[in-house]
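Coordinate-derived values only; no laboratory data. All values derive from a computational prediction rather than experimental measurement. All Cβ positions, glycine included, derive from the backbone under ideal geometry; neighbour counts span all protein chains shown.
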Amino acid sequence: DVKVTQSSRYLVKRTGEKVFLECVQDMDHENMFWYRQDPGLGLRLIYFSYDVKMKEKGDIPEGYSVSREKKERFSLILESASTNQTSMYLCASRGPHGYEQYFGPGTRLTVT
Amino acid sequence: GQSLEQPSEVTAVEGAIVQINCTYQTSGFYGLSWYQQHDGGAPTFLSYNALDGLEETGRFSSFLSRSDSYGYLLLQELQMKDSASYFCAGGDDYKLSFGAGTTVTVRA
């Protein structure tokens with residue numbers, strides 16, 4: 001079974017802090033994704049990566065950056081956290097020929 | 001990008017059939033996926049339609065009509081454990097856009 005893990009289930013940070021969210025997958029998938037999920041808005045794509053050191057902006061990249069130094073790990077970085085970044089953050093991975101995305105359990109981030 | 005619309009909530013009784021519609025506007029579209037998410041859980045994949053027509057997987061079926069930019073998820077013989085949010089998703093080879101989700105509540 002594919003396993004996608006995220007570093008924290010719950011995180012509380014202060015405005016202006018730099019925040020790192022880590023995601024690791026164990027299936028050697030090329031493609032990895034970061035989404036945020038807000039009530040009534042569904043899942044919105046922040047960034048994705050189709051290979052090591054490769055990244056592409058999703059639909060809402062402002063205020064975020066990402067890092068993919070190793071194939072199994074994809075990090076989301078909030079350079080200076082703001083209260084409007086309070087949300088559930090979901091990481092996902094997908095194989096090169098598949099359409100199914102496998103999601104991690106999510107990190108609920110609160111910025112105060 | 002994509003824009004996908006689906007109803008916000010549906011309520012039905014155990015044993016009933018529920019159809020969740022999804023309409024989409026696309027700029028590059030490979031197929032339509034459906035995901036289920038229980039409260040507090042991660043989204044899990046249910047089905048994918050690349051071609052027009054019906055795909056059946058047990059009690060769940062999914063349909064796609066590219067000419068109508070429309071699809072649906074059909075939940076049959078509803079059970080209490082089917083109470084969850086259901087998302088349609090569509091996109092190109094890398095980027096998936098999701099609908100806002102339909103909350104299905106199953107009553108005894």
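Compactness of the protein assembly as shown was expressed as the Cα radius of gyration divided by 2.2 N^0.38 Å, which yields 1.02.
Work out, in µm²/s and without decimals, the Stokes-Einstein translational diffusion coefficient of region B:4-103 at 10 °C, 1.306 mPa s, Rh from Kirkwood over C-alpha pairs. Value of D from the Cα-based Kirkwood radius: 117 µm²/s. Running Debye on chain A with equal point scatterers at the Cα sites and no solvent, what base-10 log of I(q)/I(0) appears at q = 0.18 Å⁻¹? Debye intensities relative to I(0), on a log10 scale: -0.83. Please give me the summed charge of the neighbours of residue B:66: other residues whose Cβ is under 15 Å from its Cβ, Lys and Arg +1, Asp and Glu -1. In short, -4.
Once the other residues with Cβ under 11 Å from the Cβ of residue B:38 are scored (Lys, Arg +1; Asp, Glu -1), what is the net sum? Walk me through the intermediate numbers first.
Numbers: positive: B:81; negative: B:39, B:82.
Residues close to residue B:38 contribute a combined charge of -1.
Could you please report the charge total around residue A:11, scoring K, R as +1 and D, E as -1 over all other residues with beta-carbon less than 14 angstrom from its beta-carbon?
On the way: positive: A:9, A:13, A:14, A:18, A:36, A:108; negative: A:17, A:22.
It works out to a net charge of +4.
In percent, rounded to a whole number, the relative contact order of region B:3-104 is 38, using alpha-carbon pairs under 8 Å and six or more apart. Exposure proxy ranking for A:29, B:38, A:97, based on other Cβ atoms within 10 angstrom of each Cβ and starting from the fewest, stands as A:97, B:38, A:29.
So which of A:55/B:95; A:3/A:71; A:13/B:95; A:53/B:95; A:13/A:53 end up more than 20 Å apart, counting from Cα to Cα? Write down the numbers at each step before the final one.
On the way: A:55/B:95 12 Å; A:3/A:71 14 Å; A:13/B:95 29 Å; A:53/B:95 18 Å; A:13/A:53 27 Å.
Flagged as over cut-off: A:13/B:95; A:13/A:53.
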